[in-house]
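Have a look at the structure below, then the notes.
Derivation of every value follows stated rules applied to the coordinates shown; laboratory data play no part. Computed from a prediction, not measured in an experiment: that's the story for all the values here. Because the Cβ atoms are built from the backbone with ideal geometry, glycine has one as well, and the counts that use them run over all protein chains shown.
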Amino acid sequence: AHVDPTAVTNLSKDTNSLSLCCNNTARLSSNSWTFNKTLSNLIRKNILRFLDPERDISILKGTLKPGDIIHYVFDRHSTTNISENLYRLLPTASPMKNQHHRRCAIVGNSGILLNSSCGPEIDSHDFVIRCNLAPVEDYYQDVGWRTNLVTMNPSVVQRAFQDLVSEEWRDRFLQRLQSLSGSVLWIPAFMAKGGEERVEWALRLILLHTVDVRTAFPSLRLLHAVRGYWLTNNVHIKRPTTGLLMYTMATRFCEEIHLYGFWPFPLDPQGRPVKYHYYDTLKYEYTSSSSPHTMPLEFRTLSTLHRQGALQLHTGACD
Ligand code: CTP
């Protein structure tokens, strides 16, 4: 395979102009895409200089005890304590230990997935990663249903499950957790203050109902290490999104990485409206300067990697 040795350091070349739509990224050809194994290996090697996703995917039980004080990664002056429940649900070994998969799908939450018919294609991968407990049941034709790893930002409990205010919402949340049977539930509990109670509710439900998920709580160094990797490659992200975090970590476990549902633009290449999330009414907040994310910049970076064959970005309908 052809390798551009400057590929990884030149990622920012066509990534510095942010706009509302897709411009030069509109034509992401999938027919002519071929996997560049050499480049993908090189990226894995470079990422390993900054983090070891096998280790950083979760804090392990042996390293903490109940009552320990943790400083939030983004709110250094605020602290939280390791609760009994959290301690009980810390894994004793990395949930991704010795895992290697040939083809992985990472499913982002963009409305671009609607009417894509990509469900079966997504489910055909060896390992499927989803973000923020996004619903699958009513959308399986477009997004598939298999889930090997799913993330859960604490804010999801509020945004998608009404802060569990009623029995009905608690039931819905529990059902979503129970549907994950056997998969890894990745909870960034120590990133930003404010989510403590929401995490605790989730953990309590998992323990009370012996929900069959393997919980993981990212290491405190993960975010900075991921940001460091991209900064070193001239990609100036403020705070990596869940989707970029998953791609960065997946390079460790996956040979070929396929991304679906990554489209942070309100219009598709044909100029038709695209929902921010395929499943709710949330708006394009990232365009505001207060948002910690730089999604269009991330998207252009991923597009560059797509063109170089390091990953495949699927933005159209599936056959
Ligand atoms: N995503 C995207 N385009 C959108 C929406 C989402 O490319 N219109 C991708 C992003 O990589 C995002 C991931 O899908 O991280 C999951 O979406 P979401 O749940 O909205 O994640 P975040 O917004 O990153 O969550 P948070 O702000 O809580 O980190």
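Taking amide H atoms as placed 1.01 Å from N in the peptide plane, the amide H of TRP263 lies under 5 Å from those of SER110, each 5 or more residues away in sequence or on another chain.
How do HIS236, HIS306 rank when sorted from fewest to most other Cβ atoms within 10 Å of their own Cβ? List each step's numbers first, then the result.
On the way: HIS236 13, HIS306 22.
The most exposed by this proxy come first: HIS236, HIS306.
Taking a Cβ cut-off of under 9 Å around ARG227, the surrounding Lys, Arg, Asp and Glu residues balance to a net charge of +2, with basic ones at +1 and acidic ones at -1. Estimated purely from DSSP H runs of n ≥ 4, each contributing -39500 (n - 2.57), the mean residue ellipticity at 222 nm for the chain is -9000 deg cm²/dmol once divided by its residues. Taking θ as phi - 60° and the Karplus parameters 6.51, -1.76 and 1.60, the scalar couplings of the range 205-219 work out to 5, 4, 6, 4, 9, 5, 5, 7, 10, 9, 6, 9, 10, x, 5 Hz in sequence order, x denoting glycine and proline. In sequence order, the range 182-197 has phi-based couplings of x, 8, 7, 10, 9, 10, x, 7, 10, 7, 10, 5, x, x, 3, 5 Hz under the Karplus curve 6.51 cos²θ - 1.76 cosθ + 1.60, θ = phi - 60°, and Gly or Pro positions carry x.
With respect to the chain, whose longest principal axis is taken over its alpha-carbon atoms, helix 295-307 is tilted by about 50°.
Given the range 61-149, report the % of alpha carbon pairs whose separation exceeds 15 Å.
Values: 2705 of 3916 pairs.
Within the range 61-149, distances greater than 15 Å cover 69 percent of Cα pairs.
Would you compute the Debye intensity of the range 129-215 from its alpha-carbon atoms alone, equal scatterers and no solvent, and pass along log10 I(q)/I(0) at q = 0.11, 0.17, 0.23 Å⁻¹ to two decimals? Treating every Cα as an identical point scatterer, log10 I(q)/I(0) equals -0.27, -0.66, -1.24.
Assign unit charges at the C-beta atoms only (+1 for Lys and Arg, -1 for Asp and Glu), then state the dipole size of the chain relative to its Cα centre in Debye, rounded to the nearest 20.
Numbers: 34 positive and 29 negative charges, 191 e Å.
With only Lys, Arg, Asp and Glu charged at Cβ, the dipole is about 920 debye.
Taking other C-beta atoms within 10 Å as the exposure proxy, TRP263, TRP169 rank TRP169, TRP263 from fewest upward. Computed over the chain with a Gaussian network model linking Cα atoms closer than 10 Å, the most mobile of ILE206, ILE59, ILE82 is ILE82.
Pairwise Cα distances in the chain exceed 38 Å in 10 percent of cases.
Once the Cα gyration tensor of the range 172-254 is diagonalised, what are the square roots of 5 times its eigenvalues, in whole Å and ordered largest first, as equivalent ellipsoid semi-axes? Intermediate values should be presented prior to the final figure.
Numbers: eigenvalues 163, 46, 18 Å².
With the √(5λ) rule applied to the range 172-254, the semi-axes are 29, 15, 9 Å.
Here, the range 205-319 is characterised by an Rg to Rh ratio of 1.00, where Rg is the alpha-carbon radius of gyration and Rh the Kirkwood radius. Scanning residues 5 or more positions from THR151 or on other chains, those with amide H under 5 Å from its amide H are ARG130, CYS131, ASN132, LEU133, TRP186, with H placed 1.01 Å from N in the peptide plane.
Given the chain, what percent of its DSSP beta bridges are antiparallel, to the nearest 5? Show your work: numbers first, answer last.
On the way: 4 of 25 bridges.
Antiparallel bridges make up about 15 percent of those DSSP assigns within the chain.
For the range 30-79, the gyration tensor built on C-alpha atoms gives a prolate shape. Its axis ratio a/c (a ≥ b ≥ c) is at least 1.5, and a/b is the larger of a/b and b/c. Computed on the Cα trace of the range 48-109, the radius of gyration divided by the Kirkwood hydrodynamic radius gives Rg/Rh = 1.05.
Taking 8 Å as the Cα distance limit and 6 or more residues as the minimum spacing, I'd like the relative contact order of the range 121-242 as a percentage.
Values: 146 pairs, mean separation 26.0, N = 122.
With pairs under 8 Å counted, the relative contact order is 21 percent.
For the range 88-162, the relative contact order comes to 29 percent (Cα pairs under 8 Å, sequence separation of at least 6). The aspartates and glutamates within cross-link reach of LYS193, meaning a Cα-to-Cα straight distance under 15 Å and a gap of 8 or more places when in the same chain, are ASP75.
For LEU313, nonlocal amide neighbours, meaning residues 5 or more places apart or on other chains whose placed amide H falls under 5 Å from its own, are LEU259. Summary of the geometry: the range 246-319 and the range 43-74, compared by the centres of their Cα atoms, lie 25 Å apart. For the chain, the relative contact order works out to 30 percent when only alpha carbon pairs closer than 8 Å and six or more residues apart are counted.
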